[in-house]
Amino acid sequence: SSGIVADVADSSAQVGTYARFGNTKTQALSILKKLQAALAKQKLSFKDVLYLRVYVAPDMFQNNKFDFQGWFDAYAQYFGTKENPVKPCRSTIGIATLVQPDKFIEIELVAVYWVITHDQFITPHNVT
């Protein structure tokens, strides 16, 4: 997929405030929910994810510090769990900024439809 950023966390919060989109973890959870819904429309789930590329920008409300732990905590709610033991390959990259300075994370993913061939080998098909 293309890079996905968070939805507004609090529509009553003033534009440019921390509450508007939330911290890195809040934004990551928003993105993961959006990605989960997009996968479900394709009859896929996070179990079908092969790769995540994650861009983390400094949090302008926290002295411009990177909140990698916020991302790791959000990731742990969806991957490597009892419900979904899959832990896809991933890259987490610290960047100077995203286009909107109050957004601190963008996520791309690659998922695949799995097909069992006549030889009973599982092979990827239709990589998205």
Within the stretch 29-42, take every residue that is touching a residue at least 40 places away in the same chain (Cβ under 8 Å) and surrounded by fewer than 18 Cβ atoms within 10 Å (Cβ to Cβ) and give me the one that is farthest from G70 (Cα to Cα). Q42
In this structure, is I93 in a strand (DSSP E or B) and open to solvent by less than 20 Å² (accessible area, probe 1.4 Å)? no
Of residues in the stretch 1-28 being surrounded by 20 or more Cβ atoms within 10 Å (Cβ to Cβ) and among the aliphatic types (A, V, I, L, M), the one farthest from Q100 (Cα to Cα): A28
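If I ask for residues that are outside any helix (DSSP H, G or I) and touching a Leu at 6+ places or on another chain (Cβ under 8 Å), which ones from the stretch 36-49 would you list? Walk me through it before giving the result.
Taking the stretch 36-49 and keeping what is outside any helix (DSSP H, G or I), we get 42-45, 49.
Correct list: S45, V49.
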Going through the stretch 1-31 one residue at a time, which ones are of a type in the set (D, E, K, R), more than 18 Å from L109 (Cβ to Cβ) and either assigned to a loop (DSSP other than H, G, I, E, B) or in contact with a strand residue (DSSP E or B) (Cβ under 6 Å, 6 or more places away or on another chain) (or both)? D10
Could you tell me which numbered condition F68 fails, if it satisfies all but one of (1) open to solvent by less than 50 Å² (accessible area, probe 1.4 Å); (2) at pLDDT 95 or above? (1)
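Would the stretch 79-86 turn up any residue that is open to solvent by less than 50 Å² (accessible area, probe 1.4 Å) and assigned to a helix (DSSP H, G or I)?
Taking the stretch 79-86 first, the residues open to solvent by less than 50 Å² (accessible area, probe 1.4 Å) are 79-81, 84, 86.
Cutting the leftovers down to assigned to a helix (DSSP H, G or I) gives us none.
Checked against the condition, which is being open to solvent by less than 50 Å² (accessible area, probe 1.4 Å) and assigned to a helix (DSSP H, G or I), the stretch 79-86 yields no hits at all.
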Cβ-Cβ distance below 8 Å, separation of 6 or more or different chains: which pairs start in the stretch 85-101 with a residue that is over 14 Å from D67 (Cβ atoms) and in contact (Cβ under 8 Å) with a residue 60 or more places away in the chain and end on one that is part of a loop (DSSP other than H, G, I, E, B) and open to solvent by less than 90 Å² (accessible area, probe 1.4 Å)? Q100/V5
Do we have any residue at all in the stretch 54-66 that's under 19 Å from A111 (Cβ atoms) and not in a helix (DSSP H, G or I)? yes
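The values are calculated or read from the model by the stated rules, or taken from the named source; none is laboratory data. Please read all numbers here as calculations on a predicted model, not as lab measurements. Cβ: placed from backbone, ideal geometry, glycine included. Neighbour counts: every protein chain shown. Note: accessible area is taken over every heavy atom of the protein model, side chains too, but ligands, DNA and RNA are not part of it. Shrake-Rupley method; radii C 1.70, N 1.55, O 1.52, S 1.80 Å.
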